[in-house]
Structures are given as C-alpha cells and as structure tokens.
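Notes follow the structure.
The values are calculated or read from the model by the stated rules, or taken from the named source; none is laboratory data. Values in this document were obtained by computation on a predicted structure and should not be read as measured data. All Cβ positions, even for glycine, are placed from backbone atoms using ideal geometry, and neighbour counts span all protein chains on display. Side chains included, ligands, DNA and RNA excluded: accessible areas come from the protein's heavy atoms. Shrake-Rupley method; radii C 1.70, N 1.55, O 1.52, S 1.80 Å.
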Amino acid sequence: MDEWTAAGLDFPRGEAAAEASRSIVAGLMGADRSDVALIASVSAAAGLVVAQLASERSAGSNVVIGEREYSSNHFPWRMLVHHGYEVRQVPFRNGGLEPDDIAAHVDGGTQLVAVSGVQTATGHRTDIPSVGRIARAVGALLFVDGAQLVGAASVAGDLPWIDVLAASDHKFLLNAGRGIGYCYLSPRAQDRLTPVNAGWKAGAEPLASFFGPSMELSTTASRFDNSISWLAAVGDEAALSVFDTFGPEAVYRRNAELSDVLRSALADAGWVPRDLPPPNRSTIVSVPLGDRDAVEILARLREQRIVAAARDGNLRLSLHFYNDEDDVSRIAATLKKL
C-alpha cells in the first residue's frame, strides 16, 4: 500500500502475485495449477455450476444438498427450483452429512451432490471418497465447499473424487482482508462447464485480451477466472508463504495435534465437545451450547482475548498452526469458570 501510494498502482505486480498464489493453493489442494481457477468465493463457484445445470435440465433432474449447509453452499442450489429441478435436502447426522444418508437421496436423475469438506458449525469432516463414489455411480458432479478444509488439513487424497472444490482466502489460507477465491475444476468438470462470465482474464493471453473481435480463451481452468483484487493477491502471496516456510504436512500435523489437545482440555473443564469419530474430526472443535447464553460466553471469552463464534447452537473454536498449548489452556480455564 505504501509503494502504491508513493508510486501509483502496479497492477502487473498484483497479477504476478495472483499467479504465485494460484500455484501455492494448487499445491495445498494436491492439484495441478492448470486445474485451479481464480473465482471470488464459494457461492460464485456454485453460481457457475448452477448456470450450467440450468441449461441442462431434463425430466427427473435433481440435486442433492445438505439440509443445514452454510448458505454459500445452499442458496445457489436452491435457485435451481426456478429451472425445474427438484432440490433434495439431506438431514444432518453426527453434525454433518453421512454417505448412507446421501445415497438414499441419489438416483439416476441426480445431476450434482454438494457437501462441505468440513462443516463450519460442527467441525464434521465429510467422507468425501465415499460421497464421491455415490455421485460418480450416477454420473453426478460432486461440489465441495472447501472453505474450512483447504489449508487446514490435507485434501489431496480426496481430490480424485471431487469435480469442483472452492475455497476463499480469508479462512485457513490466512488473508483476513479477503478478496480472492480458489477453485479446483476436474478435467471432467472443465469439459462440461462453460465459462459464462468470461472476461479478459479468461483469455489465453489475458493482457492481450482486452478487445474483440477475436476470442481465444485459455485451454486451462484459468478460462473460468474472475477479475481479482490486486491488493488481496499481494496479501495472499505473503500469507501463503508460511506454508512454504514450514511445509503443508507439518502444518496439518500440528493442527491435528492441537485439535486433540483442545478436545481433551475442554472435556476436563466440563465442556464436552461434540463427539465425532476420528476420521470426521477437523481443526474446528464445537461444543453444543444447550441452554447456555451464547452472547455472554462470547463476551467472557473476548475479555480474555479469545476469539470464538456461536454457530447453529454450538460454541465453535477454530484452531490453526499459529495457536499453541497456552492458548488451549487459557480457553479451558476461562470456560471452566463459566
């Protein structure tokens, strides 16, 4: 910001930062950078898919979504009702979507299944390979909201089952200023989807794509790129550099370790976290609030400089590698007094 104030906007630097960030996030996803588009948000990525599905409806077409999904992965699919789709909502169990429950709603008319990699309110991690097999068996696309997953835990093993994986930069990718989203599109999805909002960044050579009459779009996922915030891109490049410093696997191991420490400390303090099988656990640890006053609890935590949230009847605590055991002890000690 200081440089731009003194010397003026340097948008090529912002574009270069975005390309560097694309490569880093692709690595975190376990994807090739050529399969990652710069799309503003999870809902924008969903909107791209909705636009395609709206033109492909046939008799019996339906989509399968979670009943209590976060709105960015819920509202766009609900809009398909206006295009003649049946929108089937799967009730949550154990804080999230279970494959057997999804399978009961999927049939030959299912065009898409949408899930969160990790549920934002409960921390439930979805069994993506199992859900992917269900979707693949009927030829449906699998859309995954990765906002609470990408950067927090490894997703590479799940990627072969995913058609679209979207994540924003202001969660576990560390740029609180937000402004860019990253979207993996499988080769199958790229072949099926049309970049309906293609702009200059969708060009094979973006800086040579300002004017018609020709249109030569990129042959990679960048043909789905949206225009970006250059300031956010510079911020992303800086924030994401910590993954290069420590290595993604070290970050993921530390996150899992801290999550286990927090779960134990909360139970010892009398705040038993939501019980999830180990494969369904994540860096989000949630405690059902019951009759407790969420406003008062959050205020007391803030007094101790602890940032938490109340989501869908849960106290949500979200860890990342920059936390430590002292943070966990302070949380547990504060809650024990309430």
Q. So which of Ala166, Ala189, Ala152, Ala176 ends up being out of contact with any Phe, Trp or Tyr (no Cβ under 8 Å at 6 or more places or on another chain), in contact (Cβ under 8 Å) with a residue 12 or more places away in the chain and not acidic (Asp, Glu)?
A. Ala189
Q. Residues in region 187-228 that are part of a loop (DSSP other than H, G, I, E, B), within 21 Å of Ser41 (Cβ to Cβ) and of a type in the set (A, V, I, L, M, F, W, C): how many?
A. 4
**Q.** Those residues of region 296-338 which are open to solvent by less than 60 Å² (accessible area, probe 1.4 Å) and among the β-branched types (Val, Ile, Thr), in sequence order
**A.** Ile297, Ile306, Val328, Ile331, Thr334
Q) Which condition number does Arg178 fail, the rest of (1) at pLDDT 95 or above; (2) more than 17 Å from Arg88 (Cα to Cα); (3) in contact with a strand residue (DSSP E or B) (Cβ under 9 Å, 6 or more places away or on another chain) being met? A) (1)
Q.
Scan region 308-318 and tell me whether some residue there is without any contact (Cβ under 8 Å) to a residue 12 or more places away in the chain and more than 26 Å from the chain's Cα centre (by Cα).
A. no
Q: Please give the number of the condition Ser58 fails out of (1) part of a helix (DSSP H, G or I); (2) farther than 20 Å from Ala147 by Cα.
A: (1)
Q: Find the strands (runs of 3 or more DSSP E) located wholly in region 64-182 whose residues include 1 or more that are crowded, with 17+ Cβ neighbours inside 10 Å and in contact with a Pro (Cβ under 9 Å, 6 or more places away or on another chain), and list them.
A: 110-116
Q: Kindly establish whether Ala265 is buried (at least 19 other Cβ atoms within 10 Å of the Cβ), part of a helix (DSSP H, G or I), touching a residue at least 24 places away in the same chain (Cβ under 8 Å) and under 19 Å from the mean Cα position of the chain (by Cα).
A: no
Q: Evaluate region 186-208: report whether one residue or more is in contact with a Gly (Cβ under 9 Å, 6 or more places away or on another chain), among the hydroxyl-bearing types (Ser, Thr, Tyr) and open to solvent by 20 Å² or more (accessible area, probe 1.4 Å).
A: no
Q. Glu69 versus (1) under 30 Å from Gly179 (Cβ atoms); (2) in contact with a Phe, Trp or Tyr (Cβ under 6 Å, 6 or more places away or on another chain): which is the lone unmet condition?
A. (2)
